[in-house]
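Each value in this text was obtained by applying a stated rule to the coordinates, not by laboratory testing. Since the structure is predicted, the reported quantities are computational estimates derived from the model, not experimental observations. Note: ideal-geometry Cβ built from the backbone for every residue, glycine included; neighbour counts use all protein chains shown.
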Amino acid sequence: MSESFARAPVAYVAAGDWAARARSLKDEGWALSDLAGLDTISLDSGSERFEVVVQLFQAGGRQRRTIHVPAEGEPPSLPSAVPVWPAADFLEREAFDMFGIHFEGHPNLTRILMPEEWVGHPLRKDYGVGKVPVEFIAQPLIQIGAPGGDPSGGSSQSEVDWLGQAVNSKDDDENGAAEHASFARAVPESGDKGVNQ
Amino acid sequence: MVETLEERGGGAYVESFDETEEVMTINMGPVHPSTHGVLRLVLELSGETVLSCRPTIGYLHTGMEKECEDQSWRSAVTIVTRMDYLAPFFNEQAYSMAVEQLLGIEVPPRGKYIRTLMAEMNRLSSHLVWFGTSGLDMGAISAVFYGFRERELILDFYEMVTGLRMNHGYFIPGGVWQDFPEGWDEVCRSITDILPGRIAEYEDLLTQNPIWLERTRNVGVLSADDVIALGASGPVARASGIDLDLRRDLPYEAYGDVSFEVPTATEGDVYARYRVRIAEMRESVKIIEQLMDAMPDGDYKNMDPKLTVPPRSELNRSMEAVIHHFKLVTQGYSVPPGEAYVPVESPRGELGAYVVSDGGTSPYRCHVRDPSFVNLQTLGPMAKGGLVADLIAIISSIDPVMGGVDR
């Protein structure tokens, strides 16, 4: 491995200290290059479930460092870095969109890549991958948005489809969730009958 | 006119029109030839003047980062290569280097040279698309013919080497998946012989063209402070006097062995970005020539049998090779737990791959910091106060690729 890509030093900063630490880092000449969310649910990180991983570089581009900021509470939140580094704007919106991490003080924390009415945060580890399951047994089909009718054969208690999207077939069709749920082809009768059968 | 708009419920493009302030909010895009893909801009206009410009993105979002988490380490390359589709080798390079860092393996010198050469070819082909579309946007329609003509030569070379014209999946963690074919150097030499003359032709076409100067000079000026604050990188940053180039600052792959200049400008306008990119193309040709002359022999990938499939001939006589082949194809290799962020200098700026492993056989997290995504934040500040026609010039000078922005 070339020396220039020796691992950048990694530091953990608590969410409460992040606003002050970011400001002092900026005064030391560090600029923001990347900010990404991370769901550590199956990593042995020993801290909060969600973290924000910030990549910084110093003018000249040679010095780099990585900072992890765990997002605390429910919803997971931490102070926004936008007042310090405006470059964090889009990147924090992406982390919010994909992981549901709230950045306090962000000027416009809205979804950036997913549609605004989307339910759920796709890069969370407990969010389905979005495969169409291969079924070898007859499955009741859910017909979404059939005008004025019950979903034929679909069990009435299934309120989310396999994508994790809310299925509101009885509500008016203008609800955006119904539109997305039209991707649903079939739902297994119970959770046990999955892809691996 | 106001009545007509009200009758049409705001109209297809006009979202609101304030009679008293005479501020009109309109949609530009997502389908508009000069927005370089499905980029939607919400503009507030006072007459022809842009009061504010808000990019709305996500129309091309296909969840590639999520998809990578479901692939083996080897096959995630085929996902990341589709992100910034005009610079596929850079996506592969950043991802592969991040995985190599986690694995702690070394790429053999020939592999490094091949990757660097292909990356520089890619910089040329990407800049040629920028040159063509940029000219097209501002009325120099012939630019697109010339730009795409030369790009075709480079795409033929890609096809010769990788079998594909785009989305190659050619770089793998450990090197490249196959060696250069016979006769590559002649084809490569023919490209580097032709291009300097052709770049001079492009300059004849535009550099002193009074219409071009009128459209690009003092348009979309971005100060050096704004560049750092907004996180812009690549030619956008270098045209504003920020002398940052990862190839020189953190010489990765074979960049330490070649000499090249990093073109910069200080004006920070569209014309400065044009000059920087044209100069970068010349430097890329120089780099490719040096790499060709010094191309080392030897392995083109890391030959660790735990990481790379054995040659076909081995499978007929070695049981061990069959076992390795079976393990790699069915399961793939696992990567030690850890995280790595590796940035490379793509034609649009810093393209970084942040890869996390939990010790398994697929990436736990594969985030790509795409330069177009971050550079797009400069669009609002640059467009403010300019004309709508200037906005077109500004978009093409950022050169965003929506595949990379939305991923």
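In the stretch B:232-310, what GluC sites (Glu not before Pro) fall in a loop by DSSP, with at most 14 other Cβ atoms inside 10 Å?
When the GluC sites (Glu not before Pro) of the stretch B:232-310 are filtered for loop state and at most 14 Cβ neighbours within 10 Å, B:GLU261 remain.
Between rounded, prolate and oblate, where does the stretch B:60-151 land on the alpha carbon gyration tensor, with a ≥ b ≥ c its root eigenvalues, rounded for a/c under 1.5, else prolate if a/b exceeds b/c? Mind dumping the intermediate values first?
Values: a/c = 4.15, a/b = 1.70, b/c = 2.44.
Note, shape of the stretch B:60-151 comes out oblate.
Would you mind ranking A:HIS121, A:HIS106 so that the residue whose beta carbon has the fewest other beta carbons within 10 Å leads the list? Working shown, then result.
Details: A:HIS121 22, A:HIS106 18.
So the residues, fewest neighbours to most, are A:HIS106, A:HIS121.
Mind listing which GluC sites (Glu not before Pro) in the stretch B:131-186 are in a DSSP loop and have 13 or fewer other Cβ atoms within 10 Å? Intermediate results must be reported in sequence, preceding the final value.
Working: sites: B:GLU150, B:GLU152, B:GLU159, B:GLU182, B:GLU186; in loops: B:GLU182.
Within the stretch B:131-186, the qualifying GluC sites (Glu not before Pro) (loop, at most 13 other Cβ atoms within 10 Å) are B:GLU182.
For A:GLU72, what residues show an amide H to amide H distance below 5 Å, using hydrogens built from the backbone and excluding near sequence neighbours?
A:SER77
For chain B, take the convex hull of the Cα atoms, compute a quarter of its surface area, and give me that in nm², please.
Averaged projected hull area, Cα only: 21.6 nm².
Just to be sure I follow the rule: in chain B, considering lysines 8 or more places apart or on different chains, how many pairs have Cα atoms under 19 Å apart?
4
Which of rounded, prolate, oblate describes the stretch B:139-263, given a ≥ b ≥ c as roots of the alpha-carbon gyration tensor eigenvalues and a/c under 1.5 marking rounded, otherwise prolate only if a/b is larger than b/c?
Taking the square roots of the gyration eigenvalues as a ≥ b ≥ c, the stretch B:139-263 is oblate.
Please give the helix B:109-137 orientation as an angle from the longest Cα principal axis of chain B, in degrees from 0 to 90, rounded to the nearest 10.
For helix B:109-137, the angle is close to 20 degrees.
Neighbouring Cβ atoms within 10 Å as the yardstick, rank B:ASP293, B:ASP249 fewest first.
Ascending Cβ contact count within 10 Å gives the list B:ASP293, B:ASP249.
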